[in-house]
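First up is the structure itself, then whatever we jot down about it.
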Amino acid sequence: MIRHGTLNDLPQIEQIAIDATKQMNLEGSDQWTSAYPTAAHFQEDIEQGTLYVYLENARIVGSISIDQSFPVEFNGSQLSWQTKHETAGTFHRLVVDPAAHQSGVAVKLVQFAESLCRKQGLTSLKMDTYSKNKKAQKLFAKLGYKPVGTFYYPNKKDPFFAYEKALT
């Protein structure tokens, strides 16, 4: 089941993010740290109504924030977007409890984002991931996302890969 996240969910989401960050770091990706994402990021998502949680047996095992808030880095000329940002959605902070990895939760959350954006009349979904995050790269390729270029976020020495998928 997928539903909007609430402030009562915040402790569970924060713990999942901490556990996932540790796992990512062990796998060689420093995309997430103790400074990002934090409870404050998830709280802001909840307050804006953009955070959704995935439940299994009444327990949160993942979350995703879906909106049209694109990072300024998405405006770079090195990215070959197929659609304008105004007609696209994006998602942030896709996180799955490491204990639930390989159970399809991430796929279901991304497919939910696609469905929600379609219902909103959006024509594509855009996102990015760190070049060291091999699991996310595999997930996006599996789901039909096409690479549109690379860019850098401040304070990261390695590039990020940008992806887009048509929703029509």
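Just a few scattered comments:
- For GluC sites (Glu not before Pro), the sites in segment 14-55 that DSSP calls loop and that have at most 14 other Cβ atoms within 10 Å are Glu27.
- Gln102 versus Thr33: modelled label distance in nm, points set 7 Å from Cα along the beta carbon direction: 3.1 nm
- Model label sites at Ala40 and Trp81, defined 7 Å from Cα along the beta-carbon direction, differ in position by 2.7 nm.
- Radius of gyration and Dmax over the Cα atoms of segment 1-85, both given in Å: 14.9, 45
- The dipole here belongs to segment 1-82: it is taken about the Cα centre, uses +1 on the Cβ of Lys and Arg and -1 on the Cβ of Asp and Glu, and is about 160 debye.
- In a simple Cβ point-charge model (Lys, Arg +1; Asp, Glu -1; nothing else charged), the chain has a dipole of about 620 debye relative to its Cα centre.
- DSSP-loop trypsin sites (Lys or Arg not before Pro) across segment 48-145, with at most 13 other Cβ within 10 angstrom: Lys84
- Between the listed residues Val72, Tyr52, Phe112, the Cα displaced farthest toward the positive end of the dipole of the chain, a dipole computed from Cβ unit charges relative to the Cα centre, is found at Phe112.
- Applying 0.36 nm per residue to the separation of Asn25 and Tyr152 and subtracting their alpha-carbon distance, the gain on full extension is 43.8 nm.
- The Cα center of segment 34-55 and the Cα center of segment 90-133 differ in position by 14 Å.
- Per-q log10 I(q)/I(0), the chain, q = 0.11, 0.12 Å⁻¹ (Debye; single scatterer per alpha-carbon; no solvent): -0.42, -0.50
- Percent accessible area from carbon and sulfur atoms, segment 54-164, protein chains only, probe 1.4 Å: 51 percent
- Within a Gaussian network of the chain (alpha carbon springs, distance under 10 Å), most fluctuating of Gln48, Gln68, Gln137: Gln48
- Subset of Lys126/Lys157; Lys84/Lys108; Lys119/Lys157; Lys132/Lys165 violating a 32 Å alpha-carbon distance limit: Lys119/Lys157
- Computing FRET efficiency as 1/(1 + (r/R0)^6) for Arg59 and Leu143, where r is the C-beta to C-beta distance and R0 is 22 Å, gives about 0.35.
- Remark: segment 38-168 carries 49 Å² of accessible area per residue (probe radius 1.4 Å; ligands, DNA and RNA excluded).
- Summarising the label geometry, the points placed 7 Å from Cα in the beta-carbon direction at Gln68 and Phe112 lie 2.2 nm from one another.
- Segment 108-168: chymotrypsin sites (Phe, Trp or Tyr not before Pro) in DSSP loop, at most 11 other beta carbons within 10 Å: none
- Using all pairs of distinct alpha-carbon atoms, the Kirkwood hydrodynamic radius of segment 70-168 works out to 14.0 angstrom.
The values are calculated or read from the model by the stated rules, or taken from the named source; none is laboratory data. The shown structure was predicted, so the numbers you read here are calculated from the model rather than taken from an experiment. Using ideal geometry, Cβ is built from the backbone for each residue, glycine included, and neighbour counts are taken over all protein chains shown. To get the accessible areas, we keep the full protein, side chains included, count just its heavy atoms, and leave off ligands, DNA and RNA. Shrake-Rupley method; radii C 1.70, N 1.55, O 1.52, S 1.80 Å.
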